[in-house]
1. For VAL221, indicate whether it is closer than 16 Å to ILE41 by Cβ, modelled with pLDDT under 95 and within 16 Å of ligand 2 (Cβ to nearest atom).
2. Of GLY64, GLY27, GLY57, which residue is of a type outside the set (A, V, I, L, M, F, W, C), open to solvent by less than 10 Å² (accessible area, probe 1.4 Å) and in contact with a Ser or Thr (Cβ under 6 Å, 6 or more places away or on another chain)?
3. Kindly indicate whether any position in segment 76-94 is within 16 Å of ligand 2 (Cβ to nearest atom) and at pLDDT 95 or above.
4. Could you grab me the full set of residues in segment 38-50 that are buried (at least 19 other Cβ atoms within 10 Å of the Cβ) and near ligand 1 (Cβ under 7 Å from one of its atoms)?
5. Among the residues of segment 168-189, what is the count of those that are in contact (Cβ under 8 Å) with a residue 40 or more places away in the chain and more than 16 Å from ligand 2 (Cβ to nearest atom)?
6. Which of the following residues is of a type in the set (Val, Ile, Thr) and within 16 Å of ligand 1 (Cβ to nearest atom): VAL95, VAL107, VAL111?
7. If GLU67 passes every condition in (1) modelled with pLDDT under 95; (2) in contact with a Lys or Arg (Cβ under 6 Å, 6 or more places away or on another chain) but one, which one does it miss?
8. Condition test on LEU105, is it within 16 Å of ligand 2 (Cβ to nearest atom) and either open to solvent by less than 10 Å² (accessible area, probe 1.4 Å) or not in a strand (DSSP E or B) (or both)?
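The values are calculated or read from the model by the stated rules, or taken from the named source; none is laboratory data. Everything quoted here is computed from the prediction, not taken from an experiment. Every residue, glycine among them, receives a Cβ derived from its backbone with ideal geometry; neighbour counts consider all protein chains shown. When the accessible area is computed, the model is the full protein with side chains, heavy atoms only, and any ligands, DNA or RNA have been set aside. Shrake-Rupley method; radii C 1.70, N 1.55, O 1.52, S 1.80 Å.
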Amino acid sequence: MSASDPRPMVRIRRLTKSYGDNVVLRGIDLDIMPSQVVVVIGPSGSGKSTLLRCCNGLELAQDGDIEICGQPLLADGRMLPDGQLNKLREEVGMVFQSFNLFAHLSVLDNVTLGPRKLRRLPRGQAREQARALLEKVGLAHKADAMPASLSGGQKQRVAIARALAMQPRVMLFDEPTSALDPELVGEVLKVMKLLAAEGMTMMAVTHEMSFARDVADVVAVMDHGGIIEAGPPARIFTAPAQPRTREFLQAVLERG
Ligand code: ADP
Ligand code: MG
């Protein structure tokens, strides 16, 4: 890397994590540059969720480094102390397969809660921002609805708006459409595409290969806790270097 290269938004080195004897991440190296979209694919149990959770400080790794916007979240396996960790976490938005909305709060209050509690944003300002974000995800008309009245696709779009309300520098998506009925997948992918087009830095675990093909700058393939290959989707999908990648893609295609 020359000195003129921009710094990675997310820089991961030698990331190593075990649960007991089960080594789940085996020395992951990965850079995500500003505005890049990295799609992570790979079989179930290969460590995709664990990788994302480590990047948000939700899991403590045993070894390695993670930097977010140049700030160390993890250094030689040591995590930031809680106070600083929570601050850095606000830079990293996360969206899960299960939407995790607060059931007792309206859509609008779900989106304003984080900024009000964690950023001490005044109520009026938080609501104004939330309305703009709901507009962006196509749900301005649902501001006063309760989560239970929404479809899965709508819930997930609220979850995205809620994450964006913290004004993260990076968004992590862990199979954001896997719990959705097929006809609702598109509306969530559309929002993710919009964010990508706006220049949001993203890392997404997804089996939506059309999204990977159209939006990803890099597809990283995980197997048994390692990234076995990474590259532009056009290459990974047409000329994978690893037999395991070929097998995995075949299996996904057959599943439809
Ligand atoms: P993926 O998201 O690719 O399906 P995960 O990161 O969820 O994979 O899991 C990787 C491995 O870590 C699996 O073997 C899983 O059983 C194990 N694992 C994940 N979370 C835990 C946990 N909280 N405790 C013990 N083992 C876990
Ligand atoms: Mg997972």
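1. Taking the combined requirement at face value, the residue does not satisfy it.
2. GLY64
3. Scanning segment 76-94, I find at least one residue that is within 16 Å of ligand 2 (Cβ to nearest atom) and at pLDDT 95 or above, so the answer is yes.
4. GLY42, SER46, GLY47, LYS48, SER49, THR50 - these are the residues of segment 38-50 that are buried (at least 19 other Cβ atoms within 10 Å of the Cβ) and near ligand 1 (Cβ under 7 Å from one of its atoms).
5. 5
6. Within the list VAL95, VAL107, VAL111, the selection yields VAL95.
7. (1)
8. Working: within 16 Å of ligand 2 (Cβ to nearest atom): no; either open to solvent by less than 10 Å² (accessible area, probe 1.4 Å) or not in a strand (DSSP E or B) (or both): yes.
So LEU105 fails the test.
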